[in-house]
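Undergrad: Shown below is the structure under consideration.
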Amino acid sequence: MSEEPALPPAERLACVLGRFEALAVAVSGGVDSLTLASFAQRHGVPLTVIHAVSPAVPATATARVRHLAAARGWELIVTGTGEFDDPRYRDNPVDRCYFCKTNLYDRIAGLTDRPIASGANLDDLGDYRPGLIAAAERRVVHPFIEAAISKAQVRALARALGLGSVAELPAQPCLASRVETGIAIDADDLAFVEQAEQRLAALTGAGTLRCRITHAGVAVELDAAAMAQASAVDALMAGLCAKAGRAYAGSRPYRRGAMFVGAPAMET
């Protein structure tokens, strides 16, 4: 069994960031990347924060990034990524994330000369993440991984940095992750997913829920506590699907990686 690193997580991360004269942090709007940007700023690293918008990015994530950037005085660049112009992405193969990150990091590299940093953490190495291959090809750095920092430790850092509710945000991958492998990525589908998940969150208060676009129709996955409200969820979703002309396949327990066919489990 390997020994725990001798230094506390914050000191390990400060040591990693000390190598960089400046950074461009790719910020999605989730706890990991927002914490990385906040920590880098706190430790005096000149910082450009870059947030990409697309139909796959929830509007709430973009609003969160803009709010925090204004509150903390970040240099913020909001850009599109162009992944919807890439048929390799739209076709939604099992390695779709590779093409998404390829477009993202190429766009960022065209906007800044600073090293690009992601918020990937140690837990991410246990998943099938083809986006990390695209990152490696473009020399993107992952300070949390280099500092051996887990998701739980990222949340602890977020609390220490005073990020409030950001520290408790549930895992929220991009909206395209709700679409089963082989179903083409479509902006209307993603808009439906975003609206449905907002309505479901208000109804159930669930920490983890997903509205899935599957070959059998729209399905909803709920965490264990929210499954007690399955009948109310089914009633809401049946109405939303009928209005949108979609088939509803029912609710079921949340299963990580449910939409990816032909690959190891992924965080979706």
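Laboratory data are not the source of any read-out in this text; all were calculated from the coordinates shown. Here the structure is a predicted model, which is why all the values come from computation and not from measurement. Neighbour counts run over all protein chains shown; Cβ positions are idealised from the backbone, glycine included.
Undergrad: Loop-only check: which trypsin sites (Lys or Arg not before Pro) in the stretch 1-103 are DSSP coil with at most 12 other Cβ within 10 angstrom?
TA: Passing sites in the stretch 1-103 are 19.
Undergrad: Grab the beta carbon distance between residue 79 and residue 195, set R0 = 30 Å, and tell me the FRET efficiency rounded to 0.05.
TA: Once the sixth-power term is evaluated, E becomes 0.75.
Undergrad: How many nm is it between the label spots at residue 186 and residue 261, if each spot is 7 Å from the Cα in line with the beta carbon?
TA: If labels sit at residue 186 and residue 261, their model points lie 1.6 nm apart.
Undergrad: Could you compute the FRET efficiency for residue 244 and residue 86, with r as their C-beta to C-beta distance and R0 at 30 Å, rounded to 0.05?
TA: It comes to 0.70.
Undergrad: Also, quick follow-up: I want the local charge near residue 253. Using Cβ-Cβ distances under 13 Å, sum +1 for each Lys or Arg and -1 for each Asp or Glu among the other residues.
TA: +3
Undergrad: Here's another thing I want to ask about it. If you wrap a convex hull around the Cα atoms of the chain, how much volume per residue is inside, in Å³?
TA: 133
Undergrad: DSSP beta bridges in the stretch 9-168, what fraction antiparallel, as a percent rounded to 5?
TA: 0
Undergrad: If I model a spin label at residue 6 and residue 63 as a point 7 Å from the Cα along the Cα→Cβ vector, what separation in nanometres do I get?
TA: My value for the distance between the label points is 4.8 nm.
Undergrad: Work out the length of the dipole vector of the chain about its Cα centre, built from +1 on the beta-carbon of each Lys and Arg and -1 on the beta-carbon of each Asp and Glu, and round it to the nearest 20 debye.
TA: 400
Undergrad: For the stretch 36-59 and the stretch 165-179, what is the separation of their C-alpha centers, rounded to whole Å?
TA: 16
Undergrad: Where both partners of a DSSP beta bridge lie in the chain, what percent of those bridges are antiparallel, to the nearest 5?
TA: 25
Undergrad: Sticking with this structure for a sec: Please report, for the Cα atoms of the stretch 9-168, the Rg to one decimal and the Dmax as a whole number; what are they, in angstrom?
TA: That works out to 14.8, 43 Å for Rg and Dmax.
Undergrad: In the stretch 1-70, which GluC sites (Glu not before Pro) fall in coil by DSSP and have 10 or fewer other Cβ atoms within 10 Å?
TA: 3, 21
Undergrad: Per residue of the stretch 118-125, in order, report the coupling 6.51 cos²θ - 1.76 cosθ + 1.60 (Karplus, θ = phi - 60°) as ³J(HN,Hα) in whole Hz, putting x for Gly and Pro.
TA: Values per residue, Gly and Pro as x: 10, x, 4, 10, 4, 4, 5, 6 Hz.
Undergrad: If R0 is 35 Å, what FRET efficiency do you get for residue 230 and residue 15 from their C-beta distance, rounded to 0.05?
TA: Calculated transfer efficiency: 0.15.
Undergrad: Quote the charge dipole size of the stretch 146-264 about the Cα centre in Debye, to the nearest 20; the model charges only the Cβ of Lys and Arg (+1) and of Asp and Glu (-1).
TA: So the magnitude is around 240 debye.
Undergrad: Taking 7 Å along the Cα-to-C-beta vector as the label spot, tell me the residue 139-residue 159 distance in nanometres, rounded to one decimal.
TA: 3.8
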